[in-house]
Amino acid sequence: MSEVRLRFAPSPTGYLHVGGARTALFNWLQARKEKGRFILRIEDTDVARSTQESVDAILEGMKWLGLDWDEGPYYQSDNFHIYREFVEKLLSEGKAYRCYCTAEELDAKREKALKEKRKPKYDGTCRNLTGVLHDKPHVVRFKTPHGGSTVFDDIIKGRIAFSNDELDDLIIQRSDGTPTYNFVVVVDDATMRITTVIRGDDHVNNTPRQILLYEALGYPVPRFAHVPMILGSDKTRLSKRHGATSVIAYRDMGYLPEAVVNYLVRLGWSYGDQEIFSTEELIEKFSLDAVGRSAGVFNPDKLIWLNSHYIKTGDPERLATLLGPYLEQKGIDVSSGPNLVSVVKTLQDRSKTMIEMADGALFYYKTDFEYDDKALAKFLNGNLVQLYGEIRDSLKEADNLDHGTIEALFAKICASHGIKMKDVALPARIALTGGTAAPGLFDVMEVLGCRESIQRLERAIEYVQELERERQ
RNA sequence: GGUCCCAUCGUCUAGCGGUUAGGACACCGGCCUUUCACGUCGGUAACAGGGGUUCAAGUCCCCUUGGGAUCACCA
């Protein structure tokens, strides 16, 4: 019984985008579910376009999502000599041949074919050449069998068949001696003993020629699962135009990794009517059979809903440590204010992102905030200073400032004046937070503490007095 | 253009021959309420079209239409 082995093989030509992340996630889940190995391989055969920054960005994205790998990262650029050997093998067995056609000649032929509405396929000029000098510049082509067809059963798409005559004699080694992608993936997946290849469905057309290569090389053909692509709201390929496509950008926008994972996995995969999945649950329930065949539109609204769900139900301690950096970014010194965990608890139900939570937490730490004059205007009836004073005084008498006692305290003030709670709570909120959008007033006061609440009331009194003076 | 893939509410999807076609996001309305939110209750909304097969088709087959992928000395 051979080991189950899966891999994610990005090319380092940019950051980890949501499409790649989902492919990685599916591979990871399948590996974990099957108790197999998950391998990370960097496809950097295109030396010109590959960068170390991209490698770093991809690794960062994987780590943030929690997609740990068991082997790698392997770099294809480290294995050029191996690919060379396999090319030689094919050559000596007559399964590949040297082609001396120049790129210019090929371009011309292709154009001509296109013009005459024929297939732009290599015409096989060099396929049966004999006795040619090897030192002339050349590429190496794979000798695709004529006739017959290549069939495979895709785990997601079902049976797919291609006539071999549709296939080109593809180049497996460039004139500079470097191998090409379709050859390298096969050699790598074969030698790494990959059992299931999960990748984007833009690779289906490559699959038959890859299968032919496996066979020519004498390796078993892995199972294939081609996942549909992710589209933007206008149903075109997802791009920056549609908003952020980098997973790290979502972290920076205040998304939780579990929300992104949950969103991505449900985009294309489903398990009955269930929407929320923990990672453990996903490992248990994920199945390639349940992955849909059609492309899906990336829906930011649903992602944000999931994010707010995970914020709402998240552990306050953990959220507090996550929130810290977002606040620091806004110039807040967290140590100068109330306990961050307590702050988080008041904000969890009303924050869709960590950025939103940070914004909502600002007033706790700022003592020089401005007041919402428009909201305040409704209460400038001449009694506001007195009301603030009353609240302040009752706070001074209170020894223990928890939600319950504050509520009782406010109720008492309401009763003594025969007014409603909102007549007291609304203006008090402005005094304590500066505005109208904030957590429950009593929670705010509990977190702020007695002293700070009193100070804020006093500052508000001065401010209102100033306003009233101006009015006269 | 050739080849290949795809097709249920606006979106993600359930459905695997017999359902009042279900859920979720978004949207609209009610309730809750100390603001903003949360929550809660309810509502609008879909089987692309046409042929078959079958007692019975969203489900199976074919065609049409419409999307998409791919046809490099990129990956």
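The values are calculated or read from the model by the stated rules, or taken from the named source; none is laboratory data. Everything numeric here is computed off the predicted structure, so don't read it as measured data. Because the Cβ atoms are built from the backbone with ideal geometry, glycine has one as well, and the counts that use them run over all protein chains shown.
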Subject >> Failed criterion for A:I171 (all others in (1) within 10 Å of RNA strand B (Cβ to nearest atom); (2) over 30 Å from A:T195 (Cα atoms); (3) of a type in the set (A, V, I, L, M, F, W, C); (4) in contact (Cβ under 8 Å) with a residue 24 or more places away in the chain hold) >> reply: (2)
Original post:
So A:A361 clears everything in (1) over 17 Å from A:L448 (Cβ atoms); (2) in a helix (DSSP H, G or I); (3) in contact with a Leu (Cβ under 9 Å, 6 or more places away or on another chain) except one condition, right? Which one?
Top reply: (1)
Original post:
Out of all the residues in segment A:174-205, which are among the polar types (S, T, N, Q), in contact with a strand residue (DSSP E or B) (Cβ under 9 Å, 6 or more places away or on another chain) and either outside any loop (DSSP other than H, G, I, E, B) or near RNA strand B (Cβ under 9 Å from one of its atoms) (or both)?
Top reply: A:S175, A:T180, A:N182, A:T196, A:N205
Subject >> segment A:125-167, residues that are of a type in the set (D, E, K, R), exposed (fewer than 15 other Cβ atoms within 10 Å of the Cβ) and within 25 Å of A:I82 (Cα to Cα) >> reply: A:R127, A:D135, A:K136
**OP:** Hey, can you tell me all the residues within segment A:281-337 that are more than 16 Å from RNA strand B (Cβ to nearest atom), among the hydrophobic types (A, V, I, L, M, F, W, C) and assigned to a loop (DSSP other than H, G, I, E, B)?
**Re:** A:I332
Original post:
Which one is farthest from A:P145 (Cα to Cα), of the residues in segment A:85-124 that are among the small types (G, A, S) and more than 8 Å from RNA strand B (Cβ to nearest atom)?
Top reply: A:A108
Subject >> Output for segment A:28-49, where each listed residue is among the hydroxyl-bearing types (S, T, Y) and more than 9 Å from RNA strand B (Cβ to nearest atom) >> reply: none
**OP:** Return the only residue of A:D393, A:D315, A:D399 being surrounded by fewer than 19 Cβ atoms within 10 Å (Cβ to Cβ), without any contact (Cβ under 8 Å) to a residue 40 or more places away in the chain, out of contact with any helix residue (DSSP H, G or I) (no Cβ under 8 Å at 6 or more places or on another chain) and closer than 19 Å to A:V260 by Cα.
**Re:** A:D315
**OP:** Residue by residue through segment A:246-282, note down the ones that are basic (K, R) and within 15 Å of A:L25 (Cα to Cα).
**Re:** A:R266
Original post:
Considering segment A:367-405 alone, what residues qualify as being aliphatic (A, V, I, L, M) and under 24 Å from A:K345 (Cα atoms)?
Top reply: A:L395, A:A398, A:L401
Original post:
Hey, does segment A:211-219 have a residue that's under 17 Å from A:G268 (Cβ atoms) and within 15 Å of RNA strand B (Cβ to nearest atom)?
Top reply: no
**OP:** Return yes when A:K63 is of a type in the set (K, R) and over 34 Å from the mean Cα position of the chain (by Cα) and no when it is not.
**Re:** no
Original post:
Within the set of pairs 6+ apart or on separate chains, which have a first residue in segment A:103-114 that is in the same structural domain as A:V139 (by TED's automatic domain parsing) and over 17 Å from A:H138 (Cβ atoms), a second that is more than 10 Å from RNA strand B (Cβ to nearest atom) and of a type outside the set (K, R), and C-beta atoms under 9 Å apart?
Top reply: A:A113/A:D123
Original post:
Has segment A:37-55 got at least one residue that is surrounded by fewer than 18 Cβ atoms within 10 Å (Cβ to Cβ) and under 26 Å from A:F277 (Cα atoms)?
Top reply: no
